[in-house]
1. Under a crude label model (7 Å from the Cα following the beta-carbon direction), how far is residue 256 from residue 192 in nanometres?
2. Find how much the distance from residue 234 to residue 142 grows on full extension, using 0.36 nm per residue of separation minus their present alpha carbon separation; answer in nm with one decimal.
3. Quick one: P(r) of region 186-249 from all Cα-Cα pairs, 10 Å bins, percents rounded to integers, in order of increasing distance.
4. With +1 on each Lys and Arg Cβ and -1 on each Asp and Glu Cβ, how big is the dipole of region 1-83 about its Cα centre, in debye rounded to the nearest 20?
5. Among 166, 152, 24, which residue has its Cα positioned farthest towards the positive end of the charge dipole of region 24-180, with +1 placed on the Cβ of Lys and Arg, -1 on the Cβ of Asp and Glu, and the dipole taken about the Cα centre?
6. Relative contact order (percent) for region 87-228, with alpha-carbon contacts under 8 angstrom and 6 or more residues of separation?
7. Only Cα pairs under 8 Å and at least 6 apart count here; give the relative contact order of region 56-109 as a rounded whole percent.
8. Could you give me the radius of gyration and the Dmax of the chain, taking only the C-alpha atoms into account and expressing both in angstrom?
Amino acid sequence: MIKILLIGCGQLGSRYMQGFFNSNREIIVQVLEPNEFSRVNLNNTLCDDINKKGKKYFFIDSIDEVYEDISFAVIATSSDVRYKIFEELVSKKRIKKIILEKVLFQKEEEYYKALKLINENNIQCWVNHTRRMFPFYRRIQDNLKDSKYLSFSISGGSWGMACNALHFLDCIEFLSQSKIDSIDLSNVNKALYSSKRKGFLEINGIITGRTNRALFSLTSMENCSPLLIDICLDDMRIIVDENKGLYYIQGENNNWDRFECFEEKICYFQSELSAILLEDILNDSCQLPEYKDAMELHLKFILPLIAHINSFGKNKYDYCPIT
């Protein structure tokens, strides 16, 4: 029996559970969630799966109740409480494998404290940047490996840049197989927008930067419009429409004459990935980035973002108010 701890069963946490219940393993999941509405929502989400053979879950009220022999834990809370929960969990229980959601934490010092706890307790810790698991992007990565020139342009309207930029930045690192050196937020609008999640903020504008192999830009306009990903390399250009499951290729092989359109499932929901993730973790073949690498990227993004927000706003922040 595989024992899993899920901390946070809101919208994303409930999708983890759906995926776990679709696995071929016998599992039992302890769910730590103080919000009664989220508990009821999870029960409703799993009402058709509740009698699946070898699948059980139940709610707990504190970390003290967590099994001593948990196989791995998922912390799917919002960023403002995640470090406190992570610290308590690690201090009270010997859990050796942990999945963290992004944005990891809101304060710089929390990143270093978490890294210290991970190293001291010999924990394998990954961050859930799921595009690394998508077959489409894993195949595209192979096509890009020999290109001397690479550029990435992600553009659309009102796509939650503060919340989602790190997913695309990680995807750029994954596809280019190179670390982001610098991120420039000077062309991000000097305005803050309400997030879908209460108590957090959003941004729009243009983010640019580079790795040692690639240039990139992320654009979010205020008005809603489809998000497209434009990838240029030496002999090919690929435009990806994730929402529609379409991609377009233009290249030397057709003398740059026209775009050819292909249809393929590109994005996968967490409910479709969790069973795969479970197997990968148990087999020590997790495809997600490790904490140390994700931490570096997070800090390259959130520190200039805090500085940008404080450069014009009346309220001054010593933390990054995004999740």
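The values are calculated or read from the model by the stated rules, or taken from the named source; none is laboratory data. Predicted model only: the values in this text are computed from it and were never measured. In this analysis, Cβ positions are derived from the backbone assuming ideal geometry, glycine residues included, and neighbour counts consider all displayed protein chains. All accessible areas refer to the heavy atoms of the entire protein, side chains included, with ligands and DNA or RNA removed. Shrake-Rupley method; radii C 1.70, N 1.55, O 1.52, S 1.80 Å.
1. Roughly 4.5 nm, to one decimal.
2. Details: separation 92, 0.36 × 92 = 33.12 nm, distance 1.39 nm.
Gain on stretching residue 234 to residue 142: 31.7 nm.
3. Using 10 Å bins, I get a P(r) of 17, 37, 35, 11, 1 for region 186-249.
4. Working: 9 positive and 11 negative charges, 87 e Å.
Rounded to the nearest 20 debye, it is 420 debye.
5. So the residue furthest toward the plus end is 152.
6. On the way: 210 pairs, mean separation 35.2, N = 142.
Relative CO of region 87-228 lands at 25 percent.
7. Values: 48 pairs, mean separation 23.8, N = 54.
The value is 44 percent.
8. 20.4, 64
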